[in-house]
């Protein structure tokens, strides 16, 4: 395996180049949006300039986060903590570090965190789906189903506290 510092520096150089390319792309999209005669909302060709701008901005944020993560990994390397799982303290496998030089966790902990993150997001989606629109909308509550026939595909009913009518079955 190559030297961890060399891997991190090579990965950082790629990420910095990606940031620069995305900044140029974002500037081009912004310039196109400011050009006269552009009908952003009714583009018959497909994606609107707003979509392209937001997509490029999201990719740019990810690339910047990658540079930050690599810089943090370089700091851990200098402190002698690179290659040690931040969660359990066990060594991070060489294959994982070769694939993801800035990895914070071993494969086992990464899988556990992914499951926890997925479950948390699923619950957040259920709660967000239950939120009514507007300030005058009735308050809602998530309840566990009392009968299988009343459940959504996720096993939850969302009931309104006003009048007992269903607001959302997420």
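The values are calculated or read from the model by the stated rules, or taken from the named source; none is laboratory data. The model shown is predicted, which means the values in this text are computed figures rather than measured ones. For neighbour counting, all protein chains shown are included, and Cβ atoms are generated from backbone atoms with ideal geometry for every residue, glycine included.
Computed values, structure above
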{"item": "Qualifying residue in region 79-95 (condition: in a helix (DSSP H, G or I) and over 13 Å from residue 5 (Cα atoms))", "result": "yes"}
{"item": "Residue ID - modelled with the highest pLDDT, chosen from residues in region 8-58 that are outside any helix (DSSP H, G or I) and touching a helix residue (DSSP H, G or I) at 6+ places or on another chain (Cβ under 7 Å)", "result": "48"}
